[in-house]
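What follows is a single structure, written as C-alpha cells, with notes after it.
The values are calculated or read from the model by the stated rules, or taken from the named source; none is laboratory data. Values in this document were obtained by computation on a predicted structure and should not be read as measured data. For neighbour counting, all protein chains shown are included, and Cβ atoms are generated from backbone atoms with ideal geometry for every residue, glycine included. Keep in mind that these areas ignore ligands, DNA and RNA; they rest on the heavy atoms of the full protein, side chains included. Shrake-Rupley method; radii C 1.70, N 1.55, O 1.52, S 1.80 Å.
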Amino acid sequence: HTHTHTRLHCFAENGPRLSVVAEQSKVVSRRGGNATLPCKIQRDQSMAPNRKMRIKWTKLTSDYLKEVDVFVAMDYHKRSYGSFHGRVHLQGSSPMDASLVITEITLEDYGRYKCEVIDGLEDGTVVVSLDLEGVVFPYFPRLGRYNLNFYDAERACRGQDAIVASFDQLYDSWRSGMDWCNAGWLSDGSVQYPITTPREPCGGKNTVPGIRNYGLRDKDKNHYDVFCFTSHYKGRFYYLIHPSKLTYDEAVRACQKDGAQIAKVGQMYAAWKLLGYDRCDAGWLADGSVRYPISHPRRRCSPTEAAVRFSGFPDKKHKLYGVYCFKGHN
C-alpha cells in the first residue's frame with residue numbers, strides 16, 4: 001500500500017513545525033540479509049537549520065513496555081548499541097533522511113522499530129516493522145508435551161536455530177494452512193494454537209477455524225509447547241549418505257567426521273520450506289528426534305501433504321535411522 005503525499009503542509013503558527021514520515025510501515029528481509037527502515041524528516045522552511053538535530057532509533061519489545069536502544073546520531077556523534085553495534089548506520093541520502101540500514105540481520109532483529117527526531121522543542125516519531133521471510137514450526141522436547149515454561153520455550157527454540165514465534169508469524173502460518181492442536185507459547189507471553197480444520201479434540205467441531213487463544217500465561221509456572229520461527233541460513237543442510245543405519249551417538253560422530261554437525265530441527269524446516277528440500281529417509285536430528293522433510297507428497301512419503309514428518313524421539317541406542325547434517329559457512 002503506497003501513501004500518496006498530496007497533503008499540503010501548512011504549518012500554523014503553533015502547529016507542528018517538524019514531522020517524521022515513513023513511506024512504508026513494513027519492510028521484509030531475511031536472516032543474513034540487509035534492510036533499510038524508512039524515516040524522512042519534514043521541517044518547516046521557517047525553522048533555522050539545526051546541526052544539533054538528534055535522531056534516535058529504538059526497538060519496541062513485544063509487550064511495548066520496554067525499548068531497546070539501537071542507534072543515536074547527533075551532529076557528527078553516532079553510536080550503535082548492544083547486538084546492533086557495527087551493524088547499523090543511517091542511510092543519510094540527505095540531511096532530512098533518517099532511514100536506518102541494518103546489515104547481517106539476525107532472527108532477533110524481527111520486530112518494531114521507532115524513529116524519533118528531536119529538534120529543539122520539536123519532535124516527531126514513526127514506527128516501522130521489520131518482518132523476516134521464514135517458517136514457523138511447533139516444537140516440544142524429548143521430555144514430551146506441555147513441559148516448557150516460557151523461559152524453557154525460549155531456550156528450546158534457540159537450541160533449534162530459531163526464536164519464539166510472534167503472533168503475527170503464527171497468524172501468517174495459519175493463513176497458509178497450518179493446523180496444530182497443541183497449545184504453544186508465543187513471544188508476547190500468550191499461549192495459542194492454529195486450527196484450520198475444527199474437530200472434537202481441538203476446541204470442538206462446531207467452532208470456526210482460527211487461532212485459539214489461552215491468553216497471557218504465567219511465564220514461570222505454566223507449561224506448554226512452543227511455536228518457533230526460523231529463517232534462511234548460511235550453510236548446507238543435507239542427508240548423509242552412509243553405508244549403515246546409525247544410533248544417535250554414531251549419527252553425531254558421522255556428521256563430525258564429514259566436517260559438519262548433526263542438523264537442528266529449525267534447519268530442517270528452513271531447508272524444507274524455503275528451499276523445497278525433499279527426502280524420504282528418516283534421520284536423526286540434534287535434539288534426538290527423528291524426522292524427514294517432504295515437499296513433494298507421494299504414495300509412501302507423506303501422501304496427502306507437504307510436511308516435515310516426525311517419527312518421535314526413539315531410544316537413542318536404536319540403529320534404525322540415517323542422519324541429517326549441517327555445514328555452516330560464514
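One residue is enough: does region 60-75 have a residue meeting the conditions over 19 Å from the mean Cα position of the chain (by Cα), farther than 28 Å from Glu133 by Cβ and among the aromatic types (Phe, Trp, Tyr)?
So far as region 60-75 goes, no, none of its residues is over 19 Å from the mean Cα position of the chain (by Cα), farther than 28 Å from Glu133 by Cβ and among the aromatic types (Phe, Trp, Tyr).
Got a number for residues in region 113-144 being surrounded by fewer than 17 Cβ atoms within 10 Å (Cβ to Cβ), of a type in the set (D, E, K, R) and part of a strand (DSSP E or B)?
Residues in region 113-144 being surrounded by fewer than 17 Cβ atoms within 10 Å (Cβ to Cβ), of a type in the set (D, E, K, R) and part of a strand (DSSP E or B): 2 in total.
Given the conditions (1) open to solvent by 50 Å² or more (accessible area, probe 1.4 Å); (2) at pLDDT 95 or above; (3) of a type outside the set (Asp, Glu), and given that Ala162 satisfies all but one, which numbered condition is not satisfied?
(1)
Out of Asp258, Asp278, Asp315, Asp287, which single residue is in contact (Cβ under 8 Å) with a residue 24 or more places away in the chain, charged (D, E, K, R) and more than 18 Å from Cys157 (Cα to Cα)?
Asp258
Can you tell which of Tyr193, Tyr151 is over 12 Å from Ile211 (Cα atoms) and open to solvent by 10 Å² or more (accessible area, probe 1.4 Å)?
Every option except Tyr151 fails the conditions.
Of all residues in region 189-218, how many are at pLDDT below 95 and in a loop (DSSP other than H, G, I, E, B)?
Looking only at that region, the number is 14.
Scan the strands (runs of 3 or more DSSP E) fully inside region 1-83 and keep the ones with 1 or more residues being modelled with pLDDT of 95 or more and in contact with a helix residue (DSSP H, G or I) (Cβ under 6 Å, 6 or more places away or on another chain).
Of the strands (runs of 3 or more DSSP E) lying wholly inside region 1-83, those with at least 1 residues that are modelled with pLDDT of 95 or more and in contact with a helix residue (DSSP H, G or I) (Cβ under 6 Å, 6 or more places away or on another chain) span 67-74.
Considering every residue within region 169-176, establish whether at least one is in contact with a Pro (Cβ under 7 Å, 6 or more places away or on another chain), in a loop (DSSP other than H, G, I, E, B) and either surrounded by fewer than 17 Cβ atoms within 10 Å (Cβ to Cβ) or on the phi < 0 side of the Ramachandran plot (or both).
Taking every residue of region 169-176 in turn, none turns out to be in contact with a Pro (Cβ under 7 Å, 6 or more places away or on another chain), in a loop (DSSP other than H, G, I, E, B) and either surrounded by fewer than 17 Cβ atoms within 10 Å (Cβ to Cβ) or on the phi < 0 side of the Ramachandran plot (or both).
Please work out which residue is surrounded by the fewest Cβ atoms within 10 Å (Cβ to Cβ), limiting yourself to region 92-112 and to residues that are of a type in the set (S, T, N, Q) and under 30 Å from Phe167 (Cβ atoms).
Among them, the one singled out is Thr103.
Select from region 84-107 the residues that are of a type outside the set (Phe, Trp, Tyr) and either touching a Gly at 6+ places or on another chain (Cβ under 7 Å) or assigned to a helix (DSSP H, G or I) (or both) and write down the one among them that is farthest from Leu37 (Cα to Cα).
So the residue we want is Leu107.
Suppose the filter is without any contact (Cβ under 8 Å) to a residue 24 or more places away in the chain, closer than 20 Å to Val308 by Cβ and either assigned by the TED database to the domain that holds Ala307 or open to solvent by 10 Å² or more (accessible area, probe 1.4 Å) (or both); does Gly203 pass it?
Criteria not met by Gly203.
If I ask for residues that are in a helix (DSSP H, G or I), closer than 17 Å to Arg291 by Cα and open to solvent by 20 Å² or more (accessible area, probe 1.4 Å), which ones from region 219-273 would you list?
Of everything in region 219-273, those that are in a helix (DSSP H, G or I), closer than 17 Å to Arg291 by Cα and open to solvent by 20 Å² or more (accessible area, probe 1.4 Å) turn out to be Tyr248, Asp249, Glu250, Val252, Tyr269, Trp272, Lys273.
Output the residues belonging to region 203-231 that are within 30 Å of Asn34 (Cβ to Cβ) and in contact with a Gly (Cβ under 6 Å, 6 or more places away or on another chain).
Residues satisfying the conditions are Val226, Phe227, Phe229, Thr230, Ser231.
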